[in-house]
Amino acid sequence: MRTTNITGPIFKFLRQTQLWAAHITLTIMVGSLFFQVLARQMRWQLDWTEELARFSFIAMIFVAASYATQTGAHLRVEFFSDLIAKLGRGSRWIVSQLQWCAVLAFDVLFTWYSIENLIEGFRYPNLSPTLNFNENILFLAPAIGFSAAIIFTILSRFADPPALQAPSSGEITS
């Protein structure tokens, strides 16, 4: 397999957008927690900072989890697949096919249930106490993140994703 002129930019776009979304939500979370500490020391009442930090943390986790899967940085338990793969070349191929199907099924189910919960949240909103924010909108993050993971998983079946380059000092991405 190889990266084509079409799939290369798609892989790069998926990785870049998810990486930047994770950076933005991390910045919001850290900034909100900074204001919370500052407000506590100055005896200001900023109740919204804790909720904003929590919501941005939740969104960051789901986007970053999808990014980690795409870059191969997620945790894997390979004991059983290595054990079965020792049986021969055919068993290694079968194990890799089963793993691909399992990852795709997980991504599809996670996206499906995230979208269902998002839609249900519009019918029956769950509002946060201080920001008056519909908390079910947070299901948008896993729906987008795992939809990107579905696209990545299917595309990686037909073309190799471009290799990641190690960033130089101070550089966020390549």
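Here region 1-76 exposes an accessible surface that is 69 percent carbon and sulfur, computed with a 1.4 Å probe and the other protein chains kept in place. For the chain, the relative contact order is 31 percent, taking Cα pairs closer than 8 Å that sit 6 or more residues apart in sequence and dividing their mean separation by the residue count.
Can you give the FRET efficiency to the nearest 0.05 for residue 68 and residue 97, using r as the Cβ-Cβ distance and R₀ = 25 Å? The value I calculate is 0.65. Between residue 41 and residue 154, the modelled label-to-label distance comes to 5.1 nm, taking each label 7 Å out from Cα in the direction of the beta carbon.
For residue 94, the shell of other residues with beta-carbons less than 14 Å away shows a net charge of +2, using +1 for Lys and Arg and -1 for Asp and Glu. How charged is the neighbourhood of residue 59? Take every other residue with its Cβ under 14 Å from the Cβ of residue 59, and add Lys/Arg as +1 and Asp/Glu as -1. Residues close to residue 59 contribute a combined charge of -1. Rolling a 1.4 angstrom probe over the protein heavy atoms with all chains in place gives the chain an accessible area of 67 Å² per residue.
Mean residue ellipticity at 222 nm, helices only, the chain: -24500 deg cm²/dmol; runs of at least 4 DSSP H residues each add -39,500 (n - 2.57), and the sum is divided by the number of residues. Between residue 122 and residue 27, the simple label model (points 7 Å from Cα in the Cβ direction) yields a spacing of 2.9 nm.
Under 10 Å, Cα contacts only: if you run a Gaussian network model on the chain, which one of 87, 138, 38 comes out with the highest mean-square fluctuation? Of 87, 138, 38, the Gaussian network model singles out 87 as fluctuating most.
Each Cα pair under 8 Å and six or more residues apart adds its separation to the average, and for region 102-148 the resulting relative contact order is 46 percent.
If you take all other residues with their beta carbon under 13 Å from the beta carbon of residue 47, and give Lys and Arg +1 and Asp and Glu -1, the sum is 0.
The values are calculated or read from the model by the stated rules, or taken from the named source; none is laboratory data. Computed from a predicted structure; not experimentally measured. Methodologically, a virtual Cβ is constructed for each residue, glycine included, from the backbone with ideal geometry; neighbour enumeration extends over all protein chains shown. Just so you know, the surface numbers come from the protein's heavy atoms only, side chains and all, with ligands and any DNA or RNA stripped out. Shrake-Rupley method; radii C 1.70, N 1.55, O 1.52, S 1.80 Å.
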